[in-house]
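Accompanying notes for the structure given below.
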Amino acid sequence: MNLWTLVAAVAAALASIVVARWEWFDRPQHGWNVHVSSDHGTDEPRKRATFSVHAVGTAVVHTVKVKAPGAFYVGKPETGETAEEAEERRSMYRPTMGVGSKPIEFMALFPASGKVYIEITWIRLRPYRMFGERVNARALADGESTDWERWQWSWRSLRPRSRAGGRWWMVWPIRTDGRWVSTEEPSRIKIPETKLP
């Protein structure tokens, strides 16, 4: 192999890396806006506020779920309805969302103290991955600026799991634990149910 062949091979390899990385950076982007669309009063010890979650950006995201951990209930309960039934009825799930999609709207009743979050989970198809973000709902309802957090997996939590039957070729690694971090950190695949203090 002469020198020019080697130079051409290296140039071709570098060009393929640049093309692959450009496709990654040039992919459709997405994000979330959460608005307090109406405030139903600030009388203590409980406060009610109505929130709307809007998709923004150029990407279409899938399997969007919204939760409000720490709130007394989500949605306005009907007569004889439990908080869980109210949340189910209020459809805090969308199979797909993109810019211009109907927002997810819900009302939350806050306790007198403690943390209340709005958590959003969704799936991106390119690459296929589940993400999650959360924002402080109490700060939003009070008109304060608040930072977003994302879920980050711990690589130390990788564990082997197998499907039904327990055959060795059905074993794959999954992550079992992680933590919420500021938005500067990369998001990860799956959001477990939040345990609030």
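The values are calculated or read from the model by the stated rules, or taken from the named source; none is laboratory data. Bear in mind the structure is a predicted one, so any value in this text is a computation, not a measurement. Quick reminder, even Gly has a Cβ in these numbers, built from the backbone with ideal geometry, and neighbours come from all protein chains shown. These area figures cover heavy atoms from the full protein model, side chains too; ligands, DNA and RNA do not enter into them. Shrake-Rupley method; radii C 1.70, N 1.55, O 1.52, S 1.80 Å.
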Within the stretch 166-176, track down each residue that is within 22 Å of Trp122 (Cβ to Cβ) and either basic (Lys, Arg) or modelled with pLDDT of 75 or more (or both).
-> Arg175
Would you be able to say whether some residue in the stretch 49-56 is loosely packed, with under 14 Cβ neighbours inside 10 Å, farther than 23 Å from Thr183 by Cβ and modelled with pLDDT of 85 or more?
-> no
Among residues of the stretch 124-153, those that are open to solvent by 30 Å² or more (accessible area, probe 1.4 Å) and either at pLDDT 75 or above or charged (D, E, K, R) (or both), counted | 16
List the strands (runs of 3 or more DSSP E) that sit entirely inside the stretch 103-167 and contain at least 1 residues that are within 16 Å of Lys65 (Cα to Cα) and hydrophobic (A, V, I, L, M, F, W, C).
-> 104-110, 117-125, 128-136, 148-153
Does the stretch 88-123 hold any residues that are free of Cβ contacts under 8 Å to residues at least 40 places away in the same chain and open to solvent by less than 20 Å² (accessible area, probe 1.4 Å), and which are they?
-> Met92
Please state which one of Arg163, Arg179 is modelled with pLDDT under 70, open to solvent by 20 Å² or more (accessible area, probe 1.4 Å) and of a type outside the set (A, V, I, L, M, F, W, C).
-> Arg163
Cβ pairs under 9 Å, 6+ apart or interchain, first in the stretch 1-22 and more than 27 Å from Arg126 (Cα to Cα), second open to solvent by less than 70 Å² (accessible area, probe 1.4 Å), ordered by first then second residue, are Met1/Ala9
